[in-house]
Amino acid sequence: MSSGTRSIDLLPSAGVLLLLLGWPPVAAPADIYLRVFGLACFYGALALAWNLVALTGLLSLGHAAFFGMGAYGAALADHYWQLPPFAAIGIGAVLGAAYGGLWMATFRRLRGAAFALATLASVEIPKVIIDNWDAFTFGSLGVVGISRLPTLDLGGRVLDFGTSLTAQYYLLLLFLVVVGGFHFAALHSRWGWAIRAVREDETAAAALGVNVPAVRAQALLLSALLTALGGGLYAHLMGLIEPPLVFSLHLSALPLVLTIFGGRYRAFGPVLGALVLYPADQLLFHRWLPSGHALLYGLVIVIALLFCPRGIAAWLSWNRRSAWKSKTSG
Amino acid sequence: MAQLEPPICLEIEDLGVILDDRPVLRAVGFQLRRGEIVSIIGPNGAGKTTLFNVLAGRIRPQRGRIRYWGEDIRGWAPHRICRAGLARTFQIARPFAEMSVLENVLIGLWFGKSPTEAVLEPRRQALELLELVGLTHKAETSAGALTLSEQRRLEVARALSTRPQLLLLDEIAAGLSPQAVNQAVELILALRERGLTLLVIDHFLNLTAKVSDRLVALDQGEIIAAGSPSRVIQNPEVIAAYLGERESRGDEAIEP
């Protein structure tokens, strides 16, 4: 995390971003590629948001709670108050952050497996409430007919987020860039050093003046807010949501898989995981084994943990680092 | 006219701590004046480290008062106590194992005081602190790879990096060679020269006789003797407390 590792993070991040920005106009892609890589950006952003908490040393298995709260907050604000989509998404995001605040208050003393299990369980609470409160949330029928995203006119350049797959792709890419900015700061800033100290030894960190509860709270609230933002976006992109869809274990586990595969301690790690694994799953694996693609994620996580616990992003860093070391010692 | 005494840095009154229904500290009280070196001695389980944890904000005492420069700091969070200028080392070193030694010290330089009191040239200051404890050559090594005695020295450098006025040192000389103990003695005296006040835990009585102005002897959570080193070490109750330990454990406890 010295200037050396920052450049290791900056260069690949910039490269990945250029590639993502540039390929649609050049390749004139078929719809399926826009869809798949748009969702890869989306899940990459969710993985980055999830990792904000993981970087403080706590593994969450319950981020679907934030996603679902964000999705339902946005969908219901749209249904009852006919708010403009982006305002409704904002309401969902605040709702998700509020649930993050609740985690903070109740899980304050939990670490390790206890924290992970508590987060896993906490998804069920909003899910069961929404599933059964038919009069307000339409229960298991879900919310349908959620407004499409609006069309933006940027000085003659029309972006129709409601129907154009290209516009939606760029919107999801923007979401990735925004979350990626926060994630970069969580690694390479004064705040990032505090996060790292908390992760390595919170008792020592506190004794050296790091405000541990505040650092944890900032990371968790930001992570919850961004994840819920993703949930709201999803609701408006899909047009319908139902409890098992947005409170699914899959949504809690996927960010973990993508991040651990890609690399937990690199700014671009979670994105790399999403850009490699999600398209591989959708474009290749899904064709051979349509109903078993969860198997891919399970397999990947086992292999990654066994052979490359720091993720594929670490290959890059390790090579650089050992080269640098031999230079200074020799 | 009598000479003015230095101001009181730390004043503890009637401190009581109960952990798991067991009293660990009972009616502990003493004070430290600026520039003093005071050692806490006593057998294992006497409550020495608990006292440090209370002073540093890790354990909240059930009763009593802790005044630091006259301000009651009881119940303050550890980071706030650190920023007020009260730093500590850990008996079992807690390095940030995946950071370099230099980065370990930088954490204290960045966060040890409120953000408005930023340090100039933190890197240079970190290197100076590493030189003070003799770890300059290890600056780029990852802290997890240090030997035990190096980790102890890193603890001291890190505590100093928060720019404290009162430093709590927990067993920094335990298990060191006589030569290394002498280096620790020199380090402590050098720190006093810099204007620090020091409270030192020294179970094995390695440092006490050489550096302390006063001793406080704890046994089973209570102060059994306090005063000049020679008097306290010869106090029958103190000897009995250490002897009792020697009998039950068979190790050499009192070896000045």
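The numbers here are math on the coordinates, done by the rules we state, and not lab data. Being a predicted model, the structure only gives us computed values, none of them experimental. Note that we place each Cβ from the backbone using ideal geometry, even for glycine, and neighbour counts take in every protein chain shown.
Hull volume per residue, based on the alpha-carbon atoms of region B:94-163 and their convex hull, is 70 Å³.
List B:Thr147, B:Thr50 from most exposed to least, where exposure is judged by having the fewest other Cβ atoms within 10 Å.
Lowest to highest Cβ neighbour count: B:Thr147, B:Thr50.
Just to be sure I understand the rule: take each whole DSSP H helix in chain A, project its Cα atoms onto its long axis, keep it if the span is 15 Å or more and its mean Kyte-Doolittle hydropathy is at least 0.5. Which ones pass? Don't jump to the answer; show the numbers that get you there.
Details: long enough: A:3-27 (35 Å, 1.00); A:31-54 (34 Å, 1.38); A:63-81 (27 Å, 0.39); A:85-106 (32 Å, 1.35); A:112-122 (16 Å, 1.59); A:165-187 (32 Å, 1.83); A:190-200 (16 Å, -0.63); A:212-238 (39 Å, 1.29); A:249-262 (20 Å, 1.83); A:269-279 (16 Å, 1.48); A:294-307 (20 Å, 2.94); A:313-329 (25 Å, -1.04).
Qualifying helices: A:3-27, A:31-54, A:85-106, A:112-122, A:165-187, A:212-238, A:249-262, A:269-279, A:294-307.
Between A:Trp288 and A:Ser140, how high is the FRET efficiency from 1/(1 + (r/R0)^6) when r is the Cβ-Cβ distance and R₀ = 22 Å? Nearest 0.05.
Details: r = 32 Å, r/R0 = 1.48.
Using R0 = 22 Å, I get an efficiency of 0.10.
Placing a label point 7 Å from the Cα of A:Gln82 along the Cα-to-Cβ line, the residues of region A:150-183 whose backbone N sits under 18 Å from it are A:150-151. The Kirkwood hydrodynamic radius of chain B, based on inverse pair distances between different Cα atoms, is 18.8 Å.
Is the C-alpha gyration tensor of region B:112-213 telling us rounded, prolate or oblate? Criteria: a/c under 1.5 is rounded; beyond that, a/b larger than b/c is prolate, otherwise oblate. Judged from the Cα gyration tensor, region B:112-213 comes out oblate (a/c at least 1.5, b/c at or above a/b).
Based on alpha carbons, the Rg and Dmax found for chain A are 20.0, 72 Å. Think of it as helices only: each DSSP H run of n ≥ 4 in the protein assembly as shown is worth -39500 (n - 2.57), and spread over all residues that comes to -18000 deg cm²/dmol at 222 nm.
Taking other C-beta atoms within 10 angstrom as a stand-in for reagent exposure, B:Met99, A:Met238 fall in the order A:Met238, B:Met99, fewest first.
Computed from label points 7 Å out along Cα-Cβ, the spacing between B:Ser230 and A:Leu299 is 8.1 nm. Listed from fewest to most Cβ neighbours within 10 Å, the set B:Leu15, A:Leu152, A:Leu19, A:Leu245 follows the order A:Leu19, A:Leu152, A:Leu245, B:Leu15. Is the protein assembly as shown best put as rounded, prolate or oblate by its Cα gyration tensor, with a ≥ b ≥ c the root eigenvalues, rounded for a/c under 1.5, and otherwise prolate when a/b is larger than b/c, oblate when not? Because a/c hits 1.5 or more and a/b exceeds b/c, the protein assembly as shown counts as prolate. The alpha carbons of region A:1-113 give a radius of gyration and a Dmax of 18.2, 52 Å, in that order.
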